[in-house]
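K.L.:
Below is a structure I'd like to ask you about.
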Amino acid sequence: MRVMKGVSKVIAALLILTIAGFAGMAYFYVSYAQSSAKLSALEGLYGRFSYRLKYVPLSDQPLSQALDTPRVGIVDITAYEQAPVLALMNVTGEVIIDGFTYYVGTVKGHPVVEVRAGEKDSSAEMAALLMDQYFNVTAAILSGIGGSRNPYINTGDVVVGAFVINKGSVHFHNGNYMTDYGGDEMIVTNASIIGNSVVTGYGEVGPVPSNAPSYGYGPGTEDVSYVYVAALTASAPLVRLASSYSSLGAMPIADITGENSTGLVQAKVVVGVISSGGFWTDPISLNAFQNALYQADVGENEGWGFAFANAQYGVPWVIIRGISNSHFYPGVFHGVLAADRAAQVTAYVVENLGSLSDLRQTVNYSMLSPISEAKIHGYIVANRVYYSNNGTVTEVQYANQQGQNVTVYNPTEYPSTLTSP
């Protein structure tokens with residue numbers, strides 16, 4: 001009798017679990033049934049991974065509308081960088097994909113999708129790629145903060161990233177010199193956007209099943225669909241639009257320098273070069289070498305991954321960085337202010353995006369601001385930088401914009417982190 005009761009309890013428990021399971025499946029598939037053909041295609045592609053998506057509607061908007069509506073995609077990094085963007089949004093739903101929460105809604109009446117990626121390039125790349133795959137993203141913006149690497153760019157300014165470089169690609173050689181490590185290899189398609197990027201070379205034709213056993217090192221024949229890129233290019237119309245913002249206001253000089261100063265300086269928007277990479281781990285003395293190799297105006301940790309995903313996938317992009325600090329005044333940091341200013345420019349771009357055309361047109365070198373480091377020195381990525389053991393740059397070799405090789409000996413314009421302007 002006790003055995004029968006035990007069996008009955010087990011059966012009852014199994015029935016409860018089964019009903020709960022069907023209820024859970026019903027919830028998923030009811031919401032999933034609202035999805036579009038695009039999501040159905042993803043279901044076919046990813047099948048057993050479909051449970052990774054969850055939709056939380058905050059209005060009567062179906063999932064299909066959340067995914068199919070053309071939107072500007074906004075990626076930010078930390079919580080306090082996300083906050084000012086979310087504050088500008090009217091959120092109508094949340095789509096959770098592989099742990100990333102994508103908020104769908106509008107900014108000033110214009111559809112957007114926003115996600116907090118988390119820090120470093122790999123996180124930004126993953127968040128951007130999932131966003132591009134699942135949503136109908138017409139343009140992508142990375143909004144947040146960065147540190148100035150340019151004595152003419154102050155805390156409180158905003159830099160619009162026309163180019164982004166992977167500073168983590170640096171290669172130190174025996175003989176006291178350094179080069180870029182050849183860039184990152186991108187497999188490009190007809191959709192990819194890499195016009196005017198700094199291309200350093202191409203991959204080679206790979207093996208196929210029939211010749212794999214005898215392939216060895218291969219024939220060394222170039223395959224131009226495998227492209228090594230050292231600098232990626234943003235959308236020219238997006239850069240022009242973002243750089244036309246003129247309502248940043250003024251900054252107290254004391255907040256820029258950290259010193260007991262009076263007076264105000266008008267904050268500005270600069271079109272420049274973003275450097276992305278984990279270069280915080282390098283000795284301070286090496287920053288002078290890296291500043292000679294890469295002509296960057298802003299240092300941060302996510303721009304390359306964000307740009308790489310969008311460029312490969314074919315989504316026009318731009319990076320908008322509010323300047324939170326400067327390595328010329330290392331005691332100053334205004335992260336919230338910088339994030340707010342980046343969000344202001346981001347909202348301005350979203351509001352006026354409808355007036356633009358041909359977003360796939362990429363920037364060129366001439367669009368950089370006159371005070372950009374790359375514009376001042378004539379290049380974005382040098383071919384080779386020599387340095388002494390005492391931390392001094394002794395020689396810089398680069399190709400100018402006319403393709404001519406230039407060598408500069410004992411330059412003085414590449415300060416290290418602790419050097420004041």
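The values are calculated or read from the model by the stated rules, or taken from the named source; none is laboratory data. Just so it is clear, the structure is predicted and the values come from calculations on it, not from any experiment. Methodologically, a virtual Cβ is constructed for each residue, glycine included, from the backbone with ideal geometry; neighbour enumeration extends over all protein chains shown.
K.L.:
Yes or no: segment 351-361 includes at least one residue that is in contact (Cβ under 8 Å) with a residue 12 or more places away in the chain and on the phi > 0 side of the Ramachandran plot.
P.N.:
yes
K.L.:
Test Glu259 against the stated conditions and say whether it is acidic (Asp, Glu) and either modelled with pLDDT under 95 or out of contact with any Gly (no Cβ under 9 Å at 6 or more places or on another chain) (or both).
P.N.:
yes
K.L.:
Something else: Being modelled with pLDDT under 95 and on the phi < 0 side of the Ramachandran plot is the filter here; which residues of segment 217-231 pass it?
P.N.:
Listed by number, the list holds a single entry, Pro219.
K.L.:
Exactly one of these conditions fails for Val229: (1) in contact (Cβ under 8 Å) with a residue 24 or more places away in the chain; (2) among the hydrophobic types (A, V, I, L, M, F, W, C); (3) closer than 30 Å to Gln344 by Cβ. Give me its number.
P.N.:
(3)
K.L.:
Of everything in segment 265-323 that's touching a Pro at 6+ places or on another chain (Cβ under 8 Å) and farther than 23 Å from Ser244 by Cβ, which residue is modelled with the lowest pLDDT?
P.N.:
Ala288
K.L.:
Restricting attention to segment 152-176, report how many residues are more than 19 Å from Ala374 (Cβ to Cβ) and touching an Asp or Glu at 6+ places or on another chain (Cβ under 9 Å).
P.N.:
So the count comes out to 3.
K.L.:
While we're on this one: Scan segment 310-337 for residues that are closer than 20 Å to Leu238 by Cβ and in a helix (DSSP H, G or I) and report the count.
P.N.:
Residues in segment 310-337 being closer than 20 Å to Leu238 by Cβ and in a helix (DSSP H, G or I): 4 in total.
K.L.:
Give me the residue from segment 102-119 that is surrounded by 19 or more Cβ atoms within 10 Å (Cβ to Cβ) and either outside any strand (DSSP E or B) or basic (Lys, Arg) (or both) and, out of that set, farthest from the chain's Cα centre (by Cα).
P.N.:
Among those that are surrounded by 19 or more Cβ atoms within 10 Å (Cβ to Cβ) and either outside any strand (DSSP E or B) or basic (Lys, Arg) (or both), it is Arg116.
Residue by residue, here is whether (1) surrounded by fewer than 23 Cβ atoms within 10 Å (Cβ to Cβ); (2) closer than 25 Å to His110 by Cα holds:
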| position | (1), (2) |
| --- | --- |
| Gly331 | yes, no |
| Thr346 | no, yes |
| Leu359 | yes, yes |
| Asn364 | yes, no |
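K.L.:
For segment 185-199, name all the residues that are outside any loop (DSSP other than H, G, I, E, B) and in contact (Cβ under 8 Å) with a residue 40 or more places away in the chain.
P.N.:
Glu185, Met186, Ile187, Val198
Per-residue answers, yes or no, for (1) surrounded by 11 or more Cβ atoms within 10 Å (Cβ to Cβ); (2) among the hydroxyl-bearing types (Ser, Thr, Tyr); (3) modelled with pLDDT of 95 or more:
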site: Ser210; (1), (2), (3): no, yes, yes
site: Tyr215; (1), (2), (3): yes, yes, yes
site: Thr233; (1), (2), (3): yes, yes, yes
site: Pro237; (1), (2), (3): yes, no, yes
site: Tyr245; (1), (2), (3): yes, yes, yes
site: Ala250; (1), (2), (3): yes, no, no
site: Ile253; (1), (2), (3): yes, no, no
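K.L.:
When you look at Gly156, is it surrounded by 14 or more Cβ atoms within 10 Å (Cβ to Cβ) and assigned to a strand (DSSP E or B), yes or no?
P.N.:
no
K.L.:
Okay, moving on. Hey, among the residues in segment 200-245 that are aliphatic (A, V, I, L, M) and in a strand (DSSP E or B), which one's farthest from Val273 (Cα to Cα)?
P.N.:
Among them, the one singled out is Val224.
K.L.:
Within segment 174-200, track down each residue that is farther than 14 Å from Asp223 by Cβ and exposed (fewer than 13 other Cβ atoms within 10 Å of the Cβ).
P.N.:
Matches in segment 174-200: Asn174, Gly175, Asn190, Ala191.
K.L.:
Further question: Determine whether Pro219 is more than 24 Å from Asn310 (Cα to Cα) and either in contact with a helix residue (DSSP H, G or I) (Cβ under 7 Å, 6 or more places away or on another chain) or exposed (fewer than 13 other Cβ atoms within 10 Å of the Cβ) (or both).
P.N.:
yes
K.L.:
Kindly indicate the residue of segment 57-101 that is part of a strand (DSSP E or B) and of a type in the set (D, E, K, R) and also nearest to Val336 (Cα to Cα) among those meeting that condition.
P.N.:
Filtering first and then ranking leaves Asp76.
K.L.:
Out of the residues in segment 226-276 that are in contact with a Phe, Trp or Tyr (Cβ under 9 Å, 6 or more places away or on another chain) and of a type in the set (S, T, N, Q), which is farthest from Tyr379 (Cα to Cα)?
P.N.:
That would be Ser247.
K.L.:
Met126: among the aliphatic types (A, V, I, L, M) and within 23 Å of Pro237 (Cβ to Cβ), yes or no?
P.N.:
no
K.L.:
Would a scan of segment 292-304 turn up a residue that is outside any loop (DSSP other than H, G, I, E, B) and surrounded by fewer than 21 Cβ atoms within 10 Å (Cβ to Cβ)?
P.N.:
No, segment 292-304 contains no residue that is outside any loop (DSSP other than H, G, I, E, B) and surrounded by fewer than 21 Cβ atoms within 10 Å (Cβ to Cβ).
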